Amino acid sequence: MPNDTWYILGAGSIGCLWAASLCHKGASPRLILRESSYQQFARKRVPLKLSTPDQTALFDVDIVSPETINSPINRLIVCTKAQDALAALNSVKAHLADNCQILLLYNGMGSQQTVRDAMPTQTVWAGSSTDGAYLAAPFEVYHAGRGNTWIGSLRNDQRSEPGFDDLCSNFRLNVSQCDAIEQKLWEKLAINSCINGLTALFNCRNGELLDNGEKQVWLDQLIIEASSVLAALEIPATSLREKVHGVCQNTASNLSSTCQDARRGRATELSFIVTIQH
Ligand SMILES: NC(=O)c1ccc[n+]([C@@H]2O[C@H](COP(=O)([O-])OP(=O)(O)OC[C@H]3O[C@@H](n4cnc5c(N)ncnc54)[C@H](OP(=O)(O)O)[C@@H]3O)[C@@H](O)[C@H]2O)c1
């Protein structure tokens, strides 16, 4: 197994989207499943289906579990929810090379810094993405909304490392490096904190929050609160209202992940999404 193999931890919507996109680039990523999920498939390769509104493509992908990983991990993309990231990383910790590059692709703020502090020899990067994807079935991902992903190091002293430069070109996802990733994470968090909880509360699609009625009153109140939090933290975020309304309009027919989790009776990310340590 070449030592530049991409490993992807978590085979949900984002994990499958990134795995399929890496296959599209010609790489051979390996998807890491929980031991129990891996046993269900009882085979080492699965067909991974990537659909967009225009086309469908199939890729043959390796699946592994923490027990079956047989080479050191040098490049790892973490695609779990925020609350699962540290436990998932700990399950593969024995396989992480000392200089492993780890990219955390989940939403929120605080959990990324906890992981960074728990992985002192590895280089930890965070990503913030506006792509939209959902799983129609296991290993069948629908890329519903094409967005942008920004990647930046969580350690100021490691800017000179190449990190994930090779994803910034010839890749089907729009990826760019970002020097101020924490600011991007805060902004995304502020936007999500206005939209996601409300869509779960009202059991509605993102666009329905702009109803010129009760939902929009709540939305605009949350925007005011989130703006004052950003201001108190001295995060330069202009026109949060425009951004939140823009997301509601551009993703009008989407069900937020929080609303989807609430509908399925699953734990949402909300109470884990900000875990700032003082
Ligand atoms: N989906 C989107 O459009 C989108 C867009 C932007 C950002 N995000 C963010 O990206 C993150 C991931 O979202 P998602 O929609 O991909 O969530 P998801 O579909 O729920 O996928 C998370 C995956 O992680 C797996 N997982 C959890 N613990 C694990 C462990 N210990 N070992 C291996 N796998 C483990 C889960 O498996 P189990 O089901 O077995 O728990 C699940 O397959 C979230 O923070 C979300 O807010 C999502």
Checking Leu135, Leu103, Leu89 in turn, the sole residue that is in a strand (DSSP E or B) and crowded, with 21+ Cβ neighbours inside 10 Å turns out to be Leu103
Selection from the stretch 190-227 of residues β-branched (Val, Ile, Thr) and either buried (at least 18 other Cβ atoms within 10 Å of the Cβ) or not in a helix (DSSP H, G or I) (or both) yields Ile191, Ile195, Thr199, Ile223
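So that you can scan it fast, the table gives a plain yes or no per residue for (1) closer than 27 Å to His143 by Cβ; (2) more than 11 Å from the ligand (Cβ to nearest atom):
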| position | (1), (2) |
| --- | --- |
| Gln221 | no, yes |
| Lys243 | yes, yes |
| Ser253 | yes, yes |
| Arg263 | yes, yes |
| Ala267 | yes, no |
Restricting attention to the stretch 115-126, the residues that are closer than 16 Å to Leu185 by Cβ and in contact (Cβ under 8 Å) with a residue 40 or more places away in the chain number exactly 2
Those residues of the stretch 53-74 which are of a type in the set (Asp, Glu) and either surrounded by 17 or more Cβ atoms within 10 Å (Cβ to Cβ) or within 12 Å of the ligand (Cβ to nearest atom) (or both) amount to Asp62, Glu67
Reported set for the stretch 110-123 where residues are buried (at least 19 other Cβ atoms within 10 Å of the Cβ) and either within 14 Å of the ligand (Cβ to nearest atom) or modelled with pLDDT of 95 or more (or both) is Ser111, Gln112, Val115
Within the stretch 1-27, restricting to residues that are polar (S, T, N, Q) and surrounded by 15 or more Cβ atoms within 10 Å (Cβ to Cβ), the one that is farthest from the ligand (Cβ to nearest atom) is Thr5
### Query
Quick check: anything in the stretch 84-96 among the small types (Gly, Ala, Ser), away from the ligand (no atom under 11 Å from the Cβ) and under 16 Å from Ile8 (Cα atoms)?
yes
If we take the stretch 3-85, then strands (runs of 3 or more DSSP E) inside it with 1 or more residues that are assigned by TED's automatic domain parsing to the domain that holds Arg172 and among the polar types (S, T, N, Q) are 45-51, 56-64, 73-78
Determine, yes or no, whether Leu185 is of a type in the set (A, V, I, L, M), away from the ligand (no atom under 15 Å from the Cβ) and outside any strand (DSSP E or B). no
Screening Ser253, Ser271 for residues that are hydroxyl-bearing (Ser, Thr, Tyr) and in contact with a strand residue (DSSP E or B) (Cβ under 9 Å, 6 or more places away or on another chain) leaves only Ser253
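The values are calculated or read from the model by the stated rules, or taken from the named source; none is laboratory data. Predicted, not measured: the structure shown is a model, and the values here were computed from it. Note that we place each Cβ from the backbone using ideal geometry, even for glycine, and neighbour counts take in every protein chain shown.
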